[in-house]
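A short write-up of the structure that comes next.
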Amino acid sequence: MPTFAITENQLTAALHAVIADRGLDWTYPDLDADPDAYLDPQDHHPLFAENNGEHGLPSCRYVSADGHRPMCLIGAALHRAGIPLPVLADHEGALADAVLDLVIEPVLPDLVRAAARAAQNAQDDGRTSGDALAAFHNVLIAGRVMNDART
């Protein structure tokens with residue numbers, strides 16, 4: 001499986017660029033409005049343990065069903081940072097932090113992976129891309145404050 005060298009700064013810049021393109025008020029398409037924007041729970045990646053099996057819900061896609069464009073915020077940011085769409089498509093249904101672990105080498109710090117997951121969760125909860133960006137930075141800031149308090 002190919003991996004890519006992407007730094008925290010590159011991922012953050014890519015996320016900012018995607019949100020600048022889409023706008024702070026952008027939300028992921030509603031399931032009823034665009035069912036193709038979602039992955040069926042039966043097709044989820046095994047690393048998406050929280051959302052598969054009998055309790056599974058459709059999840060957003062990293063890549064459009066036709067494979068031609070990034071869909072969710074994290075998928076779009078990873079693509080903008082240099083991850084090819086076919087690589088992202090191979091990880092459909094995996095949680096954002098798991099995808100970061102699988103496709104980025106060296107592995108990003110836990111705090112960055114947690115921030116990406118927070119952004120993804122905000123998007124999956126139907127909140128705006130601005131809310132997702134705030135969630136991303138809130139996790140980074142809170143984590144750094146806690147780390148500073150320990151030293």
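Here residue 139 does not qualify as in a helix (DSSP H, G or I), more than 19 Å from residue 34 (Cβ to Cβ) and modelled with pLDDT under 90.
Residue 74 - would you say it is surrounded by 22 or more Cβ atoms within 10 Å (Cβ to Cβ), touching a residue at least 12 places away in the same chain (Cβ under 8 Å), of a type in the set (Val, Ile, Thr) and not in a loop (DSSP other than H, G, I, E, B)?
On the way: surrounded by 22 or more Cβ atoms within 10 Å (Cβ to Cβ): yes; touching a residue at least 12 places away in the same chain (Cβ under 8 Å): yes; of a type in the set (Val, Ile, Thr): yes; not in a loop (DSSP other than H, G, I, E, B): yes.
Criteria met by residue 74.
Scanning region 70-115 for residues that are among the charged types (D, E, K, R), within 19 Å of residue 16 (Cβ to Cβ) and more than 10 Å from the chain's Cα centre (by Cα) gives a single hit, 80.
When residue 59 is tested against (1) without any contact (Cβ under 8 Å) to a residue 24 or more places away in the chain; (2) under 20 Å from residue 128 (Cβ atoms), only condition (1) is not met. Here is the figure for region 80-98: residues that are surrounded by fewer than 20 Cβ atoms within 10 Å (Cβ to Cβ), small (Gly, Ala, Ser) and not in a loop (DSSP other than H, G, I, E, B) total 2.
Residues of region 118-138 that are surrounded by 16 or more Cβ atoms within 10 Å (Cβ to Cβ) and acidic (Asp, Glu): 124, 131.
Within region 42-82, the only residue that satisfies the criterion of being aromatic (Phe, Trp, Tyr) and at pLDDT 70 or above is 62.
Number of residues in region 102-151 that are basic (Lys, Arg) and under 18 Å from residue 24 (Cβ atoms): the value is 1. Remark: residue 11 matches the filter, which requires a residue to be surrounded by 13 or more Cβ atoms within 10 Å (Cβ to Cβ), out of contact with any Lys or Arg (no Cβ under 6 Å at 6 or more places or on another chain), at pLDDT 90 or above and among the hydrophobic types (A, V, I, L, M, F, W, C). Of all the numbered requirements in (1) of a type in the set (Gly, Ala, Ser); (2) at pLDDT 90 or above; (3) under 11 Å from the mean Cα position of the chain (by Cα), residue 129 misses one, and that requirement is (3).
Counting only residues that are closer than 19 Å to residue 95 by Cβ and either among the hydrophobic types (A, V, I, L, M, F, W, C) or modelled with pLDDT under 75 (or both), region 17-30 holds 1 of them.
The values are calculated or read from the model by the stated rules, or taken from the named source; none is laboratory data. Since this is a predicted model, take the numbers as computed values, not measurements. Every residue, glycine as well, gets a Cβ built from its backbone with ideal geometry; the counts of neighbours run over all protein chains shown.
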